[in-house]
Amino acid sequence: RLQKEGRADRDPSHLILLARDRVGYSNLVKLVSRAHLEGFYYKPRIDRQLLGEYAQGLIALSGCIGGDVPQLVLAGDLKGASRLAREYAELMGDDSYFLEIQDHGMEEEARVREGLMEISRQTGIPLVATNDCHYVDPGDAEAHDVLLCIQTGSRVEDQRRLRFAGPHFYLSSGDEMAERFAYCPDAVSNSVAIAARCEFEPVLGQRLLPRYEVASGEDADSQLRRAAEDGLRERCEGEPPEAYRERLDYELEVIRQTGFAAYFLIVWDFTKAGRDSGVKIGPGRGSAAGSLVSYSLGITALDPIRYGLIFERFLNPERVSMPDI
């Protein structure tokens, strides 16, 4: 759906999206995924049509001077900027689009502020004062500048390199913002109003795994046991020795107790799919190589009994934590 038309697509415009609630967060996740899977061209990107499909629960800000509305203002096309701002306001709906004004001491920002304030007067679209924050304290400006040089392969003394205009891109306090935008107090208070509307609280402390569909008549534990036993016989080219059977039974019981059978099946599924598709899969890393179940399933390629690797370093019933394969 997203056309590749040259440099304009290599340098897409900016738009700030904030999740207002759980629906908004879900839609934001979908937009990010679609941007990477369907819209990637130099960078992940979306278009306004896709944004409209997933606008529910989101609040949009027009962005810095790299936004498409500010870019039209800078180009002297105030009518076009106003028309586009109205489109965004209609697209987002429910008072969920704001014109974003910033002041880092840049001449372009002054022109954009003047234009956006005029558009706000014409359309009723509210303003919000923001600060483009790239580091926390003003004293971090030099370190940030050096990091920019590292990122872009430039030297500090290069005159034509990417740089930020002055040491103003830090986390400004509320008092600083109120003073900086004293001529437009509603824009400052709107930042607080927007924050108050963003009520989504992520669920923490839970295991959020995909649902693994098991075979009919089985549960995750029984399917894992069957797959691991079949895999171990393949590894051993016949019936496995007693030490292997005992180790496999022990690991499967620990996995059953800790509730991670579905996790092993998920990892087994995508590593098998990778190998079947010709993707290079590594032999395993870290403590996961100590699991005979992982070895039996083909997730890892190291025999933990042969090399004396310890399963409890990977998964321990005395200290239950998410396995890391």
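The values are calculated or read from the model by the stated rules, or taken from the named source; none is laboratory data. Not measured: the values here are computed from a predicted model. FYI the Cβ positions are ideal-geometry reconstructions off the backbone, even for glycines, and counts take in every protein chain you see. Heads up: the accessible areas ignore ligands, DNA and RNA and are worked out on the full protein's heavy atoms, side chains in. Shrake-Rupley method; radii C 1.70, N 1.55, O 1.52, S 1.80 Å.
Some observations on this one:
- Projection of the Cα convex hull of the range 111-270, averaged over all directions and equal to a quarter of that hull's surface, yields 19.7 nm².
- Calculated FRET value between residue 77 and residue 209, using beta carbons and R₀ = 41 Å, to 0.05: 0.25
- Ranking 231, 171, 208 by Cα position along the charge dipole of the range 128-266, where only Lys, Arg, Asp and Glu carry charges on their C-beta atoms, puts 171 farthest toward the positive end.
- Rg/Rg_globular for the chain, with Rg_globular taken as 2.2 N^0.38 Å and Rg from C-alpha atoms: 1.38
- Within the chain, percent of DSSP bridges classed antiparallel, to nearest 5: 45
- Along its three principal directions, the equivalent ellipsoid of the range 1-101 from the Cα gyration tensor extends over semi-axes of 21, 19, 10 Å, largest first.
- Accessible area of the range 94-135 divided out per residue, in Å², using a probe of 1.4 angstrom: 42
- For the chain, the longest principal axis of the alpha carbon atoms and the long axis of helix 242-258 meet at an angle near 40°.
- Karplus-derived 3J(HN,Hα), 6.51/-1.76/1.60, for each residue of the range 161-168, Hz, glycine and proline x: 8, 5, 8, 8, 7, x, x, 10
- For the range 3-151, size of Cβ-based charge dipole, Lys and Arg +1, Asp and Glu -1, in debye: 660
- Between residue 258 and residue 86, the C-beta separation translates, for a Förster distance of 56 Å, into a calculated FRET efficiency of about 0.50.
- Of the GluC sites (Glu not before Pro) found in the range 219-295, the ones in coil according to DSSP and having at most 11 other Cβ atoms within 10 Å of their Cβ are 237.
- Separation between Cα centres of the range 265-325 and the range 63-84, rounded to whole Å: 53
- Within the chain, helix-based [θ] at 222 nm, where runs of 4 or more DSSP H residues each add -39,500 (n - 2.57), nearest 500: -14500 deg cm²/dmol
- Surface composition of the range 158-209: carbon and sulfur atoms hold 55% of the protein heavy-atom accessible area at a 1.4 Å probe.
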